[in-house]
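*Asks:* Just passing along the structure, written as structure tokens.
The values are calculated or read from the model by the stated rules, or taken from the named source; none is laboratory data. Bear in mind that the values here come from a model prediction, so they are computed numbers and not experimental data. Here the Cβ is made from the backbone with ideal geometry for all residues, glycine too, and neighbour counts use every protein chain on show. For the accessible areas, the whole protein counts, side chains as well, though only heavy atoms, and no ligand, DNA or RNA atoms are used. Shrake-Rupley method; radii C 1.70, N 1.55, O 1.52, S 1.80 Å.
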Amino acid sequence: MGEAGLHYDPSFVSDSDRAEIVRWLDSIQPIWENRWSDRRAAAAGGQRRLLRPVYWLGSWQFACLDYYRPPHRIANACVAAEPYPPVLTRLVARIETRARALYRGADLPERWHLSTCLVNLYGSRLEAGRRIDCARVGEHRDFEPGPVASLSLGERALFQFVKRGVADAPTRVFAQQWLDDRSLQLFGGDTWKKRLLHRVLRVERRAGTVFDVRVPEFQTRRVNLTFRYVPDEHVLPFARLSRPAREAVRGYVAELARGSAFFARELESEAAASRT
């Protein structure tokens, strides 16, 4: 990918930084989320679990709160989450420097910085004694303003930008890139952020990579860290969410608190606030 607005560096992450990220991955406990709150699932006639386990840094966009979609979906969409570990802080600083050299004007909001990170795990889940591959992501758009950056670790993934056809016309592949282990991808601007959708079509198995990530009955062969910008004022601590939003995600926060001191403190702060 060499088009304007796209940038790909196949070896951005050094071997030592990769090793540090892998050690950090062993310290977190990603979770499975459902797409809807229990109330919405009942109204829709059924619940659906996300395709893969996830973890967020900076701020967490719980799927049941329907994600962050400015300008219309802002309130109670982003919940404060734990900060980046040192290795990601260093890498993000380098990515931001590169992005500011590549993007200008409306493509780079005034206060843009990579404030949130989605950690996606790609692999296979164990179901009824069988391995079910779920290493893919359907076509979608990232609504956060400004450039998006992603770091890839593990097996290669086929990443595509696509344009939906009109009516029954098929989806057309506009551009694609194999994302290698240790690579950086940056994309921004109207074409790549607004006019096109993107997806991960498949993830290879050739290298035999398996990450030691603490998710029961799930085998991870690729890790992707996607960094985006959410303005600070749109991120709320758990205790300041609306009551319906708090109740919708309370179970997830309690699950996270079992392995995260940050989320344990968030629950304590909410309990203290309720007593005052």
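*Asks:* FRET efficiency for Gln176 and Phe262, Cβ-Cβ distance as r, R0 = 35 Å, nearest 0.05? Walk me through the numbers on the way to the answer.
*Replies:* Numbers: r = 37 Å, r/R0 = 1.06.
So the FRET efficiency works out to roughly 0.40.
*Asks:* Please compute the per residue accessible area over the chain with all protein chains in place, 1.4 Å probe, rounded to a whole number of Å².
*Replies:* Normalised by residue count, the accessible surface of the chain is 48 Å².
*Asks:* What do you get for trypsin sites (Lys or Arg not before Pro) in segment 142-180 restricted to DSSP loop and a cutoff of at most 15 other Cβ within 10 Å of the site's Cβ? Working shown, then result.
*Replies:* Values: sites: Arg156, Lys163, Arg164, Arg172; in loops: Arg156, Arg164.
Hits after loop and neighbour filter: Arg164.
*Asks:* On to the next question. So how do 218-230, 191-203 stack up, highest first, on mean other-Cβ count within 10 Å? Display every interim value, and only then the final one.
*Replies:* Values: 218-230: 21.9, 191-203: 18.0.
The packing order, highest mean first, is 218-230, 191-203.
*Asks:* What is the gain in length, in nm to one decimal, between Arg141 and Ala254 on full extension, counting 0.36 nm per residue of separation less the C-alpha to C-alpha distance?
*Replies:* Numbers: separation 113, 0.36 × 113 = 40.68 nm, distance 2.95 nm.
The span from Arg141 to Ala254 would gain 37.7 nm if fully extended.
*Asks:* If you don't mind, another one. Mean residue ellipticity at 222 nm from the helices of the chain, using -39,500 (n - 2.57) per DSSP H segment of n ≥ 4 over the full residue count, to the nearest 500 deg cm²/dmol?
*Replies:* -7500 deg cm²/dmol
*Asks:* While we're looking at this one, here's another question. Keeping the other protein chains in place, figure out the carbon and sulfur percent of the accessible area of segment 1-80, with a 1.4 Å probe.
*Replies:* On the way: 1840 of 3730 Å².
Its accessible area is 49 percent carbon and sulfur atoms.
*Asks:* Let me ask another. I want to check the label-to-label distance for Arg35 and Ile74. Put each point 7 Å from Cα in the C-beta direction and report it in nm to one decimal.
*Replies:* According to this spin-label approximation, the distance is 2.8 nm.
*Asks:* What's the carbon and sulfur percent of segment 113-195's accessible surface, probe 1.4 angstrom, rounded to a whole number? Provide the component values of the computation, followed by the final result.
*Replies:* Numbers: 1680 of 3510 Å².
Solvent-exposed carbon and sulfur of segment 113-195 make up 48 percent of the total.
*Asks:* Another one. Order the peptides 138-147, 37-46 from the highest to the lowest mean number of other Cβ atoms within 10 Å of their residues.
*Replies:* Working: 138-147: 18.2, 37-46: 11.8.
The peptides rank, most packed first, as 138-147, 37-46.
*Asks:* If R₀ is 25 angstrom, what is the calculated FRET efficiency for the pair Ala93 and Glu233, using the beta carbon separation as r and rounding to 0.05? Show your work: numbers first, answer last.
*Replies:* On the way: r = 22 Å, r/R0 = 0.90.
Once rounded, the FRET efficiency stands at 0.65.
*Asks:* Taking one equal scatterer on every alpha-carbon of the chain, how large is log10 of I(q)/I(0) by Debye at q = 0.07, 0.12, 0.13, 0.14 1/Å?
*Replies:* After summing over all Cα pairs, the log10 values are -0.25, -0.79, -0.93, -1.10.
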